[in-house]
1. In this structure, does B:A143 turn out to be aliphatic (A, V, I, L, M) and modelled with pLDDT under 90?
2. Would you check if there is a residue in region B:122-134 being at positive phi and surrounded by 17 or more Cβ atoms within 10 Å (Cβ to Cβ)?
3. Could you please let me know if A:V498 is open to solvent by 70 Å² or more (accessible area, probe 1.4 Å), under 28 Å from the mean Cα position of the chain (by Cα), within 16 Å of ligand 1 (Cβ to nearest atom) and away from every other protein chain (no Cβ under 14 Å)?
4. Just to check your reading of the model, which residue among A:Q380, A:Q332, A:Q389 is among the polar types (S, T, N, Q) and farther than 30 Å from A:G428 by Cβ?
5. Which residue, of B:E87, B:E125, B:E131, is touching a residue at least 60 places away in the same chain (Cβ under 8 Å), acidic (D, E) and not in a loop (DSSP other than H, G, I, E, B)?
6. Filter region A:140-164 for residues that are touching a Ser or Thr at 6+ places or on another chain (Cβ under 7 Å) and more than 14 Å from every other protein chain (Cβ to nearest Cβ) and give the result.
7. Can you tell me how many residues in region A:12-37 are closer than 16 Å to A:A169 by Cβ and in contact (Cβ under 8 Å) with a residue 24 or more places away in the chain?
8. Looking at (1) β-branched (V, I, T); (2) open to solvent by 10 Å² or more (accessible area, probe 1.4 Å); (3) over 23 Å from the mean Cα position of the chain (by Cα), find the lone condition where A:I514 falls short.
Amino acid sequence: MPPQMTGAQMLWESLIREGVDVVFGYPGGSIMPVYDALLDYPQVRHVLTRHEQGAAHAADAYARTLRDQGKVGVAMATSGPGATNLTTGIANAFMDSSPVVFITGQVSAEYLGTDAFQEIDVTGISLPITKHNFLVTRAEDIPRVVREAFHIARTGRPGPVLIDLCKNAQNDTAPFVWPTEVRLPGYRPPQRADEDALAEATRLLAEAQRPVILAGQGVLMSGAMPELRALAEKADIPVAMTLLGLGALPLEHHLALGMMGMHGEYFVNMAIQHADLLIALGMRFDDRVTGKLEAYAPQARKIHVEVDPAEIGKNVPVDVALLGDLKTVLRQWLPRVAEARRPAWREQIAAWRADTQEHDVVHKTRRNGKGPLRGPEVIQRLWETTAGQDVIIATGVGQHQMWAAQYYRFPQPYRLVTSGGLGTMGFGLPAGVGAAVAHPDKEVWVIEGDGGFQMTQAEMATAVQEGLNIKIVVLNNNYLGMVRQWQELFYDRRYSAVLLHNPDFVKLADAHGIPARRVTERREVDAAFAFARQHQGPVLLEFRVPPEDNVFPMVTTSDPLHEMIRRPEEEPHVERSDWAGAAP
Amino acid sequence: MAMPHTFVVLVENKPGVLNRVASLFRRRNYNIHSLNVGTTQDPRVSRMTLVVNTTPEKAPLIEANLYKLVNVIDVQDVTDRPAVRRELALIKVRARQGMRTEIINLASVFRANIVDATPETMTIEVTGTPEKIDSLIEMLGAADVVEVVRTGVLAMTRGTIEGARHLPGAGGR
Ligand SMILES: Cc1ncc(C[n+]2csc(CCOP(=O)(O)OP(=O)(O)O)c2C)c(N)n1
Ligand SMILES: [Mg+2]
């Protein structure tokens, strides 16, 4: 006889069977039975965030940084406002294909559709931002639904799955039966590539003189780093990476180019634009990486290796599609790939690279040691300070994010946690919380802007309560910098609603009992980093950086990828008349 | 060039599945021309016939996006396949004395049935391809037509091999 349990107990029993040992969440009326039962499962750590969005981002980051262990993030919230507060985080996980299971409380089934207190159509709201969702009205369905939800979240193209759990289903008692298999007749993600397509891909590669691999987050999701490296080395193919693909190949590898796209380096985009073959691995030709579509890599034939058939030909027509799990497909393909050496192509790229180096801001400022301390330099110094120590970087969205992507030379996969597809400001700190919970042995650095930090700063309290080793870097330019940059470049410097009169970030940290320092000068940087690392637990460093600095190079979405705004010669504006009005 | 594409979609017979399909079409900005849902020989499976105005380049993406719905078991674009396509329409026309014979004659040419009559009106039931129904309506003359309702197209490919849609466990895709 299967044991009798309440739905709430079944939920925890099921989560534990799916390998869950951490849940991020926030309680409320419609999920109280689940929270009550939680007390009987001490093996599960519940992290109470200060906002449901924080729980969602934390679970997202947890999943991304533990992808190699097959972990799925879990975030839970109550019905109504709890669920709606989750939605930004659900959308973020959806856009970045992050395997997260969201659990929301719901009013009892008999009240569904009656506009009862805190009743909101959560499955309706989350339909377009989840891979799949479930409404559970009966206790006995819980084990099967949990099993299916985790299976869907972690396999194929990963993504968020939501379970909306009616209160009666949490309270009712039924026999607990853990399903031995997942039965989803309509869910069959492709596994192995088609033989004909493989033959065609092999032929295209054999004919290519100037191939470039475009490595996306799919490489990380499928754990295909060794196969990527083997392909690149065997056929001598340089590797450009998307923002979320950074770490797929260590940047120090001789074939690693770096980040492509809107703020990718000049030589990376030049290589793509001059390629005669692009091999896209688990990336989706987003508008932030292609520039003007009609002028994208005009001479290149394209091989697209993807697990999601709906990505094939969505933005860019491709010559061959290899559908399947990336790691599996590359293993199928590798034995057929011929060894090749391409000295001429590599030399050409090296020449573009040297030219890029020449224009590099940090290179220049550090050579003459003059000018103000700038954002990129802070990041580069952080990279030098932490090199070889396997730290995790979580970022917000904006200029600081792009500088982090450009100047932190990611040596490993799963070490950059950033919001790509949705571009969610405020992602940094809650993502840092999730990463720190996932990796208690590692230092987690959060790089946020002064704007984004204020969106989710309440999670400082979570970091303190959980004793997380998070080092928060706020790059304070007193602006919504990225928007200001666009207003400078495309709206004739008409600055509209971008100036921030900020609180005193050091005092703010102090109120949480978080040691903090403000840095304004170049000579203070190293000491500040040392200070942060001396303290176990959360620390905040505010860096004052020039208000009108820009992220370059830059390609607008209406320009071809190689027509970049390069880095200018002159220093950014440092003084702004009203800057003095901000906090000291 | 955009033209009508016909998709046969087998879905799990569960609450909310129609909403998922409709939501997908709204979200991806696909233009549904007609949508028909009904039961099949298997009570666990419902069958949709969708006609969508789209280009040959975009049609595979629609198919792929339908496949991404977890409750969608099978999708087939039957636009260029030999298939039986049928639609049913009810057409109510104004029919006073003196016009009735003409209407009855027209209906018989189209193998349509008169299924209701009142002193003022007659209701015609017709089955056939959308083109056939279009032309009957045209022949009846817009002025005399009071009300039209059409089911949208149902489609089934010809023969046993192509027409046998693979169900769960029947080889997959
Ligand atoms: C939730 C949200 N709101 C608005 C935006 C639009 N946006 C993108 S970057 C940016 C400015 C970010 O400012 P800050 O956090 O100070 O970073 P900075 O660019 O100055 O480094 C804004 C407003 C966004 N991406 N996300
Ligand atoms: Mg800012």
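1. yes
2. yes
3. No, not satisfied.
4. After ruling out the rest, the residue left standing is A:Q332.
5. Unique residue meeting the criteria: B:E87.
6. A:I142, A:P143, A:V146
7. The qualifying residues number 12.
8. (2) is the only condition that A:I514 fails.
The values are calculated or read from the model by the stated rules, or taken from the named source; none is laboratory data. What you are looking at is a predicted structure, and each value in this text was computed from that prediction instead of being measured. No Cβ is skipped: glycine too gets one built from the backbone with ideal geometry, and neighbour counts run over all protein chains shown. Protein only, heavy atoms only, side chains kept; ligands, DNA and RNA dropped before computing areas. Shrake-Rupley method; radii C 1.70, N 1.55, O 1.52, S 1.80 Å.
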